[in-house]
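See below for the structure under consideration.
The values are calculated or read from the model by the stated rules, or taken from the named source; none is laboratory data. Bear in mind that the values here come from a model prediction, so they are computed numbers and not experimental data. Note that we place each Cβ from the backbone using ideal geometry, even for glycine, and neighbour counts take in every protein chain shown.
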Amino acid sequence: MMISEEQIIAGCIAGKRHERNMLYKKYASKMHGVCLRYTINKAEAEDILMEGFMKIYSNIKTFRNDGSFEGWLKRIIINTAITHYRKNNKYHFIDIEQIELSEMEDSQEENDIEEMQFSKEEMLNVIQQLPEGYKMVFNLFVFENYSHKEIAEMLEISENTSKTQLLKARKWLRNKLQDLSIKKFAMLKL
Amino acid sequence: MKEVNNKLDDMFKSALEDYSQEPSPKLLNVLNKKMFFKDIARFNFRNLFSKSIIKYSSYVVISVSTFVASYYLINNNKTDNKNSNQIISQSQINTQNHNTSDTLNNNIRNISSNNSLENKTTINDSLNNNQKNILNNKNEANTVINNSTHQNSLKKIEPNLSDKNTTDNKNTVNNTTQTDLNKNKLSSKGNSKNKPNGNNISDKKNLDISASDSKNKFESIKILEEKNKNKNTIDNNKNIYNTSDLKNINYKITLLQPKPAFTIKNDGENTSSDFIPINDNNKETIKKNNTKSKYIFPKYAIEVYGGGDYVNKILSSPLNTYINERNKTEKSIYTYNFGADIKYTLKNTFIQAGVNKSIVGENVVITTISKLLDSSASHFNYQYHQIIHIDTIGWIPVWDSIHRDSIPILDSVIFNTVDSNWVSVYDSVNKENKYNIKNRINYIEIPVLIGFNFGNSPLRFNVATGVSFGFLTNSKGKLIRPYTNDVSDFNKTYFPFNKIIYNYILRAGCFYIINERWSIFMRGSFKYNINSIFDKSYPVNQKYYTIGIQGGISVNL
């Protein structure tokens with residue numbers, strides 16, 4: 001029997017297990033994909049996913065129909081990931097305001113990334129290997145489209161720090177992808 | 001450089017933005033377990049037990065209680081016949097003792113008969129009587145629905161028109177209205193069974209969905225009003241809709257607005273209707289009125305309660321002196337009770353079963369007088385007694401010429417010699433023994449009641465009656481024993497308690513609905529032992545009646 005999203009939401013508000021399970025089955029895989037980007041491995045991602053869904057079930061009454069439900073779920077998951085990150089990595093960010101951003105930008109090499117072909121899993125793996133601070137900023141800027149100001153507020157860092165972290169992340173990713181492509185090429189030759 | 005960065009960002013974004021991966025299957029179970037404990041903490045009992053468990057457990061409790069009650073009722077009737085010789089007709093002996101209980105029974109009968117006469121309130125009762133007639137009337141009825149052009153005018157309802165069959169005056173409801181109704185999942189036939197009474201959870205869902213479909217609950221009535229504009233010219237006095245459509249419309253109103261926006265006044269001869277259209281001025285008051293009466297009893301609820309009781313006993317026995325003595329020395333007690341019930345509600349009727357703890361007993365103040373033996377004064381009275389006891393075995397007749405007589409033959413002569421007797425000497429001052437005893441007999445009871453709810457406001461009333469089966473858990477105290485008048489502890493030898501007693505219960509009270517989940521209640525209760533607390537072998541019939549007050553909370557499931 002097809003149940004509409006409103007019915008699922010109403011059932012979750014009423015605390016019914018059947019509707020909660022339906023909500024989980026509908027959105028768990030997508031939200032898990034989001035969690036994987038913010039964590040090192042699957043286990044950690046599942047922890048955040050479970051914590052996130054518990055918050056969703058507890059706070060679903062506060063959903064006001066003023067936007068997409070999926071977007072609302074995603075925000076909760078991301079906030080859970082940020083909270084999880086802040087608990088585990090308190091002193092990761094180093095404020096390096098003295099380094100001028102323009103210098104950093106000029107120093108980066110231009111690499112032709114278009115030619116590189118990578119699978120989704122490979123790219124996910126690369127992101128997961130990003131250092132924590134870079135990962136958070138990169139995800140929030142690129143995927144969630146937050147501004148540096150907003151990222152700074154969320155992660156309790158300065159705006160400059162957010163910008164430098166993003167640049168460093170990009171550089172790191174570029175290098176990683178290059179290494180990966182070299183390895184792939186070498187494997188093909190063999 | 002920016003372009004390169006953008007390419008990199010776009011590459012990752014396109015690859016991973018919609019990336020999804022199934023989590024491990026165990027995660028859902030772990031999540032459900034964690035939510036289970038969280039729900040307990042938040043008193044969210046819906047997920048603690050599935051509906052079926054609650055349903056079947058309540059059936060089991062009710063059926064077991066009914067079985068036990070009927071078993072012991074039957075048994076009691078049989079033993080009554082056997083043991084009738086032991087107890088003298090109670091009507092003679094217990095007249096005095098049962099006067100109070102008889103008046104109470106009469107009062108109970110009066111209350112229950114009054115309840116049967118009272119109208120039960122349902123959501124349909126919120127409609128005025130004339131609208132009810134319209135719904136129930138199989139003939140086509142005339143109704144008028146205000147349209148915006150005639151907002152301030154009064155319309156008449158004529159439920160039984162002689163020209164009901166004139167088709168010219170029929171106005172069919174717009175198809176879009178029908179689709180609106182269909183969206184809200186209402187039966188187009190308008191069968192009374194399909195009326196949302198609110199106790200059906202699926203109906204409640206429909207209520208919720210209809211509310212969520214339109215932000216304003218009364219919007220659909222507005223839609224109807226607007227659509228009436230586009231219809232053919234409406235005769236102000238007679239607008240006849242198809243009965244099925246009429247019922248649908250009325251259902252719609254019922255669904256969205258338990259108390260309709262329009263009221264019907266009875267002006268004596270003709271029933272006229274003053275239709276008050278919904279506008280900005282009265283929207284809030286109508287909404288308030290509707291929210292008050294929109295409470296729909298859920299099917300299942302759990303009640304937890306506690307309170308105080310006044311317990312008094314009723315004694316009956318052929319041993320009048322004993323009864324009098326006990327009545328003089330024993331006083332009634334104040335005690336407590338607590339328990340929990342599961343309640344199953346259908347419309348305004350409910351069945352309730354549960355478990356509670358109850359205490360009966362009395363406070364005993366007995367003073368006994370005993371003689372003190374003076375051991376120093378007690379002595380042997382050294383007196384020599386000799387008793388001669390002559391035994392005879394027969395008579396020998398002795399004849400002489402003149403007399404006829406007989407002479408006893410002596411068999412033996414016994415000499416009993418009593419040396420001395422022990423003489424007990426008692427003290428001149430008697431000893432007083434005072435007993436201050438608290439007799440308490442504890443039972444775990446299973447009450448099974450049926451009741452009715454009354455009222456439409458958040459403050460409502462209910463009455464319930466039924467039976468309870470009490471299982472003796474322990475007893476502590478002392479009583480005067482019959483025949484010997486000794487004061488003895490409760491034990492099986494002297495005081496054979498019945499392990500199971502059954503009681504008649506009456507409860508009446510009020511409850512206040514806080515929200516859809518919670519309500520609080522306060523009620524008075526009366527309980528009367530149907531059988532004695534003692535076994536039939538005991539010569540005294542001892543029953544208790546309990547008058548109590550209980551307060552508690554109810555959680556809807």
Report whether or not A:K120 is at pLDDT 90 or above, under 18 Å from the mean Cα position of the chain (by Cα), of a type in the set (K, R) and under 27 Å from A:I82 (Cα atoms).
no
If we keep only residues of segment A:27-41 that are more than 7 Å from chain B (Cβ to nearest Cβ) and surrounded by 16 or more Cβ atoms within 10 Å (Cβ to Cβ), then the residue farthest from A:I82 (Cα to Cα) is A:Y27
Picked from segment B:532-557 (must be farther than 27 Å from B:N320 by Cβ and not β-branched (V, I, T)), the residue surrounded by the fewest Cβ atoms within 10 Å (Cβ to Cβ) is B:G551
Within segment B:4-38, residues among the small types (G, A, S) and either more than 17 Å from A:E122 (Cβ to Cβ) or facing another protein chain (nearest Cβ under 7 Å) (or both) come out as B:A15, B:S20, B:S24
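I'd like to know if segment B:477-486 contains one or more residues that are within 20 Å of B:I444 (Cβ to Cβ) and either buried (at least 18 other Cβ atoms within 10 Å of the Cβ) or not assigned by TED's automatic domain parsing to the domain that holds B:Y334 (or both). Full working, then the answer.
Filtering segment B:477-486 down to residues within 20 Å of B:I444 (Cβ to Cβ) leaves B:477.
Checking which are either buried (at least 18 other Cβ atoms within 10 Å of the Cβ) or not assigned by TED's automatic domain parsing to the domain that holds B:Y334 (or both) leaves us with none.
Scanning segment B:477-486, I find no residue that is within 20 Å of B:I444 (Cβ to Cβ) and either buried (at least 18 other Cβ atoms within 10 Å of the Cβ) or not assigned by TED's automatic domain parsing to the domain that holds B:Y334 (or both), so the answer is no.
Assess whether A:L180 counts as being within 12 Å of another protein chain (Cβ to nearest Cβ) and part of a helix (DSSP H, G or I).
On the way: within 12 Å of another protein chain (Cβ to nearest Cβ): no; part of a helix (DSSP H, G or I): yes.
Here the answer is no, as A:L180 does not meet what is asked.
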Inside segment A:1-40, the number of residues satisfying the requirement of being under 30 Å from A:Y134 (Cβ atoms) and polar (S, T, N, Q) is 2
Against the definition (in the same structural domain as B:T473 (by TED's automatic domain parsing), buried (at least 16 other Cβ atoms within 10 Å of the Cβ) and more than 15 Å from B:P447 (Cβ to Cβ)), how does B:N529 come out, yes or no? no
Screening B:I446, B:I437, B:I450 for residues that are in a strand (DSSP E or B) and either among the charged types (D, E, K, R) or closer than 30 Å to B:T367 by Cα (or both) leaves only B:I437
